[in-house]
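Since the structure comes first, as structure tokens, the remarks are kept for the end.
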Amino acid sequence: MADILSKWSGINISLPDGGFYLWFQVDDAWGFTERLAREAGTLVSPGDLYGEQGRGFIRVAVVQSDEMIERVAQRLGVS
């Protein structure tokens, strides 16, 4: 998912050391969230939902099957 979102957004999204959440910084978290929902049908969270320290970040819970993640890649045109 990090690779897919990196290719689509042009943002370098690193893999976490552990766990299944991707956290990455963006200019407009709410705009990014809306754009991803519209273009890929994918729900992510603007970081400020988790407190002031999360402002300007996106949180992605990578909990779907490989098949569903590939569907996101196809919808975003990066598969």
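Here are a few things to note about the model shown:
- For trypsin sites (Lys or Arg not before Pro), the sites in the chain that DSSP calls loop and that have at most 14 other Cβ atoms within 10 Å are 55.
- Considering only Cα atoms, the convex hull volume of the chain works out to 87 Å³ per residue.
- Between residue 34 and residue 66, the C-beta separation translates, for a Förster distance of 22 Å, into a calculated FRET efficiency of about 0.30.
- Placing a label point 7 Å from the Cα of residue 79 along the Cα-to-Cβ direction, the residues of segment 1-39 with a backbone N closer than 20 Å are 1-10, 36-39.
Bear in mind these aren't lab numbers, they're just calculated from the coordinates by the rules spelled out. Only a predicted model underlies this, so the values are computations on that prediction, with no experimental measurement involved. Note that each Cβ is placed from the backbone with ideal geometry, even for glycine, and that neighbours are counted across all protein chains shown.
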